[in-house]
């Protein structure tokens, strides 16, 4: 991983498809009225229950996710579907991609948008 967690950014952000209604960049699915209707409109972040207790966050709380490149706010979803020390954000929101680390594979030149180091805390009221 090009950017491992550290004391300042102790969590690993993992991004991926957050809905079966969204594929790739939306270049096709955004053209479908049915799929647009099914696609989520609110950014949510999945947090492991142990991590949520540690940072005093509950499902439904607004949280702030920060990387070395940017900040995003999301609604917390506390779930054991992610491992401790990891959080998950769907990649189909522009704010998510501003958090990620654009390291490129030297052979394929594909960017490493799938993981980076972040911190997460309850958002200010």
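Nothing in this text is a laboratory measurement; each read-out follows from the coordinates by a stated rule. The structure presented is a predicted model; accordingly, all values stated were derived computationally and were not measured. Using ideal geometry, Cβ is built from the backbone for each residue, glycine included, and neighbour counts are taken over all protein chains shown.
Each residue, residue 105 and residue 55, gets one label point 7 Å from its Cα in the Cβ direction; the gap between the two is 2.9 nm. Label-to-label distance for residue 62 and residue 125 is 1.2 nm, based on points extended 7 Å past Cα in the beta-carbon direction.
Say a paramagnetic label sat at a point 7 Å from the Cα of residue 14, along Cα to Cβ; which residues of the stretch 70-92 have their backbone N under 14 Å from it? The answer is 79-91.
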